[in-house]
Every structure is written in C-alpha cells, then in structure tokens.
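K.L.:
Structure below; questions to follow.
Bear in mind that the values in this text are calculations on the coordinates, not laboratory data. Computed from a predicted model, the values in this text were never measured in an experiment. Cβ sites come from the backbone with ideal geometry, for glycine too, and all protein chains shown count toward neighbours.
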Amino acid sequence: MNAWRHQTPVHSPLSPAALLQGLRAALSRNGAHRHAAAQVEALLEERYAPRAVLLTESGTAALTAALVGLQRDHEAQVVAIPAYSCYDVATAVEGAGARALLYDIDPRTLGPDLVQVEAALRRGATAVVVAHLYGCPVDLTTVKRLAVAAGAVVIEDAAQGAGATMSARPVGTHGSLGVLSFGRGKGLTGGRGGALLAFDDRGARALERVRGMLAEPRRGWTELGLISAQLLLERPALYGLPASLPFLHLGETIYREPRPLRTSATASCAIVAATWRLADREAEVRRANAERLLLELRQQPGFAVIETSPTARPGYLRLPVITSPHARRAATQAAARRLGVMPGYPQPLCDLQPFATRCLNRNDAFRGSRLLAERLCTFPTHGRLDAGDLAGLERWIREWGRSQ
Ligand SMILES: Cc1ncc(COP(=O)(O)O)c(C=O)c1O
C-alpha cells in the first residue's frame with residue numbers, strides 16, 4: 001500500500017456544488033438565513049414530523065437548549081446521561097448549568113443499563129438522555145415507560161444517528177425531544193450545525209421557552225472554511241498530512257467548553273439542504289460496508305460485535321466492536337490509523353475531570369462503560385473506502401482477531 005495513503009475515520013457527504021450553495025447563501029443579503037433555514041426545516045418536517053423545530057449552531061447547542069428549556073419546570077435540574085458517550089453530552093449538561101446522574105452502558109448493545117436508569121429516576125432525574133452511539137439504534141420503549149412513571153422527559157440524542165431507524169421510524173423521533181448534529185464528520189453536515197425537535201406537549205413547551213434565547217445566526221465563514229478543508233484534505237492521498245499535525249487534534253476525543261447558544265449559520269443551513277439526498281445514499285453505502293466487515297468480524301474470536309434489535313436499522317456512522325486487549329492495542333498503532341481504525345472514547349464520563357463537579361455519582365462502578373473505554377474500537381464504513389481499503393480492513397481483522 002502507498003505509504004502516504006491514509007483513510008479518514010469518517011466522511012460526510014459533500015460536493016463542490018453544495019459548497020457553492022453555502023457560499024452564495026453566506027454572501028446574499030436579503031432574507032438569506034430565513035430562506036436557507038426554511039429549506040432545512042421543511043426537510044426535517046418531512047422526515048421527522050416534529051411538533052416544532054429549532055435550528056442550532058451545533059448538536060451540543062441543541063442538547064443544551066433542550067436542557068435549558070426543560071429547566072424552568074424543575075429548579076436545579078438533574079439529568080440522567082450515559083456514562084459512556086461523546087464528551088459533548090457532558091458539555092451540554094455543563095452549558096445548561098444542570099447536574100448529572102450517570103447510568104451505565106451495556107457493552108453488548110451500547111444501550112442503557114435499565115436498572116441504573118431507574119435508579120437515576122428514583123434519585124430525582126427529571127430528564128433522561130439516550131444516545132445512539134455510532135448510529136446503532138437503542139430501543140427506547142422501556143426507558144420511556146420508566147420516565148413516564150417518574151414524570152421525567154426522554155431526550156433522544158441522535159447526533160450520530162443519520163440514516164438509522166428504529167421500528168421503521170428515524171432515530172430522533174422516539175422521545176419528547178430529539179437532538180440532531182450537522183457537525184464535521186457526521187452523516188449529514190453543514191460544517192457545523194444541529195437541530196432540536198419536539199414531539200409532544202412537554203417537548204414543544206421546552207423548545208419554545210428556549211427559542212428566544214438563541215443568539216443571531218452568523219453567515220458561516222468558519223463552516224465554509226471547514227467544508228473546503230474537508231473537500232480538499234479528506235482524500236486518502238492527502239489526509240496523512242493533516243492527520244500528522246497534532247494541533248489539529250484530528251481523531252482525538254477532547255472535552256469542549258460550553259459556548260453561548262446560537263442559531264445555525266446561514267451557510268451551514270444551505271449546505272445541509274444541498275447534501276440531504278447525498279446523505280441518504282451515503283447511509284446505504286455505510287450499511288453495506290459495515291455488513292461486509294461484520295461477516296469477517298463474526299468469524300474472529302478476538303472481536304465481539306454489538307447486538308442490535310431486529311427492528312433496528314443501524315446508520316453505522318462507524319462500526320463499533322469490542323476487541324481483545326491485544327487487538328485494542330493494535331488499534332492505536334499507525335498501521336491501524338492509516339486504515340481508519342480507531343479506539344473508542346478513551347474515558348467514561350465519570351472520569352472526565354472538567355465534569356467532576358457536575359456529576360453526582362462519579363464514584364459508582366460503571367463496569368460496562370469502563371470496559372467500553374478499554375476495549376471498544378471502531379471501523380470506518382464510509383463511501384470513500386474502495387475495494388482495496390475494505391480488503392485491507394478485512395486483513396487487519398484476521399490478523400488481530402485470531403486470539404481472544
Ligand atoms: C452523542 C453525541 N451527542 C452530541 C454531540 C454534539 O454534536 P456537535 O458536534 O454537533 O456539537 C455529538 C458529537 O459528536 C455526539 O456524538
């Protein structure tokens with residue numbers, strides 16, 4: 001293999017035409033933001049049929065907005081969140097000034113430990129956040145039943161869920177509130193961006209409370225810069241260059257401080273609308289690539305694949321797998337990185353120092369989440385993988401999966 005060839009861990013569907021649409025929207029004067037936002041809202045309404053939509057600067061902002069909107073019902077809000085997740089979930093709790101009770105994640109399914117969700121509700125959680133990690137849909141039926149019994153609200157974090165469905169409905173539509181991300185590397189991107197969707201009275205009230213608190217949109221020059229860099233540098237022949245620059249933190253999981261709540265940028269809306277159909281096609285490709293890799297992974301004793309419900313259709317933003325310690329070490333090495341293989345999030349949220357004061361039960365065991373931090377590894381599934389890349393990934397799986 002070409003020593004410079006370096007696959008990206010994720011790829012968002014983009015095109016020069018979409019970039020141009022974004023540029024045009026950013027340069028337009030009269031009503032450009034209203035027009036671009038209306039396009040995205042119409043697409044969201046068609047797919048998700050929400051009661052209300054709020055476009056935000058990021059998925060983190062959408063989740064923060066959900067928590068802020070719910071807060072007036074309950075002073076000093078306590079939120080149940082997964083102990084293993086993207087660190088941005090912790091950022092949103094911090095941004096909303098809430099406190100967190102963590103619940104463990106089952107490493108076989110990446111779904112919530114229901115006993116711990118129930119315990120968090122008993123201890124006073126007024127909202128439960130459930131995330132579909134890597135686009136593997138979680139069945140929310142029992143979480144919803146537990147939340148209703150406790151008078152709490154379910155927020156479905158579908159930031160990683162582009163193209164994923166549960167019981168034939170898109171993820172993001174199953175709770176009182178749904179969170180979407182159009183961030184860099186997501187299944188649908190505007191460079192940055194997000195949306196909060198409401199599906200019932202309580203969700204809609206929370207969303208309307210926060211609507212007026214969002215700062216005015218920016219035109220989106222940063223988003224256009226990010227998209228241009230991505231279009232140029234994510235080619236496997238070039239990606240080795242940015243990937244080798246430590247200050248870009250590419251592929252690293254870092255805790256980000258909360259930012260003021262803001263509505264989505266004009267360019268970002270225009271790009272999301274322009275790539276909507278491309279994103280649907282890309283999700284099909286991700287599923288097909290994941291199925292191919294799963295065939296190989298299931299044969300190797302060093303890997304345990306994540307179980308999904310028969311009614312789930314994963315979107316596989318990446319393909320998560322539990323590895324032997326031996327394979328997990330290999331996943332951190334340069335050869336694996338060049339194939340786009342990555343370790344999962346390195347720490348459970350209970351160990352995240354900047355989040356320590358917000359977290360009410362950080363000394364609990366969280367065995368599943370600790371196991372995931374030590375042993376989860378993810379494979380790329382995106383449409384830029386060619387036959388040689390897929391064959392390379394299959395070879396890597398055979399080489400490192402032989403022993404448990
Ligand atoms: C589960 C989850 N929630 C929220 C977010 C935040 O989304 P954004 O990057 O758009 O702020 C992410 C981002 O990766 C995520 O993975």
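K.L.:
Which helices of the chain meet both criteria: a Cα extent of 20 Å or more along the helical axis and a mean Kyte-Doolittle score no lower than -1.0, with helices taken as whole DSSP H segments?
P.N.:
Span-like helices here: 32-48, 266-297, 387-401.
K.L.:
For a footprinting-style exposure proxy, rank D106, D386 by other Cβ within 10 Å, fewest first.
P.N.:
D386, D106
K.L.:
Now for a different question. Determine which residues of region 39-59 fall in the zone a paramagnetic label at A168 would reach in this model, i.e. backbone nitrogen under 18 Å from the point 7 Å along Cα→Cβ.
P.N.:
Inside the label zone: 47-49.
K.L.:
Excluding L101 itself, calculate the net charge of residues whose Cβ lies under 12 Å from the Cβ of L101, where each Lys or Arg counts +1 and each Asp or Glu counts -1.
P.N.:
+2
K.L.:
To the nearest 0.05, what FRET efficiency results for Q404 and A335 with a Förster distance of 30 Å applied to their C-beta separation?
P.N.:
Computed FRET efficiency for Q404 and A335 comes out at 0.90.
K.L.:
May I pose another question? Fewest to most neighbouring Cβ within 10 Å: what's the order for T126, T64?
P.N.:
Fewest-to-most ranking of T126, T64: T126, T64.
K.L.:
Right, something else. Once you place label points 7 Å from the Cα toward the Cβ at R122 and A387, how far apart are they in nm?
P.N.:
5.8 nm
K.L.:
Here is a follow-up. Could you give the C-alpha radius of gyration of region 1-154 expressed as a fraction of 2.2 N^0.38 Å, taking N as the number of residues it contains?
P.N.:
Scaled against compact globular proteins, the figure is 1.29.
K.L.:
If the elastic network links every pair of Cα atoms under 10 Å, which of G190, G212, G392 fluctuates the most in the Gaussian network model of the chain?
P.N.:
With Cα springs under 10 Å in the chain, the top fluctuation among G190, G212, G392 is at G212.
K.L.:
Quote to one decimal, in nm, the extra length available between T311 and Q347 on full extension: 0.36 nm per residue of separation minus the C-alpha distance between them.
P.N.:
Stretched fully, the T311-Q347 segment lengthens by 9.9 nm.
K.L.:
Work through the residues other than G315 whose Cβ is under 11 Å from its Cβ and net out their charges, Lys, Arg +1 and Asp, Glu -1.
P.N.:
Neighbour charge sum, excluding G315 itself: +2.
K.L.:
Give the range of the longest stretch in the chain that excludes all GluC sites (Glu not before Pro) found in loop regions by DSSP and having at most 15 other beta-carbon atoms within 10 Å.
P.N.:
Maximal segment without exposed cleavage sites: 76-251.
K.L.:
Relative contact order for the chain: what percent, with Cα pairs under 8 Å and sequence separation of 6 or more?
P.N.:
26 percent
K.L.:
Here is a follow-up. What does the helix-only formula give at 222 nm for the chain: each DSSP H stretch with n ≥ 4 adding -39500 (n - 2.57), the total divided by the residues, and the result rounded to the nearest 500 deg cm²/dmol?
P.N.:
Result for the chain, helices only: -12500 deg cm²/dmol.
K.L.:
Let me ask something else. Which trypsin sites (Lys or Arg not before Pro) does region 198-246 hold that lie in a coil by DSSP with at most 15 other beta carbons within 10 Å?
P.N.:
Loop-located and lightly packed - none at all.
K.L.:
Would you tally the net charge around R34, using a Cβ to Cβ cut-off of less than 13 Å, leaving R34 out, and scoring K and R as +1, D and E as -1?
P.N.:
-1
K.L.:
Using alpha carbon centroids, what distance separates region 277-330 and region 334-404, in Å?
P.N.:
Measuring centre to centre over Cα atoms gives 12 Å.
K.L.:
A further question on this structure: Taking Rh as the Kirkwood radius computed over C-alpha pairs, what is the Stokes-Einstein D of the chain at 4 °C in a medium of viscosity 1.567 mPa s, expressed in µm² per second?
P.N.:
Stokes-Einstein gives a translational diffusion coefficient of 61 µm²/s.
K.L.:
Over all distinct Cα pairs, what is the inverse of the mean 1/r for region 195-321, reported as the Kirkwood hydrodynamic radius in Å?
P.N.:
By the Kirkwood definition, the hydrodynamic radius is 18.9 Å.
K.L.:
OK, next. Please report the equivalent ellipsoid semi-axes of region 4-71, computed as sqrt(5 x eigenvalue) of the Cα gyration tensor, largest first, in whole Å.
P.N.:
26, 21, 13
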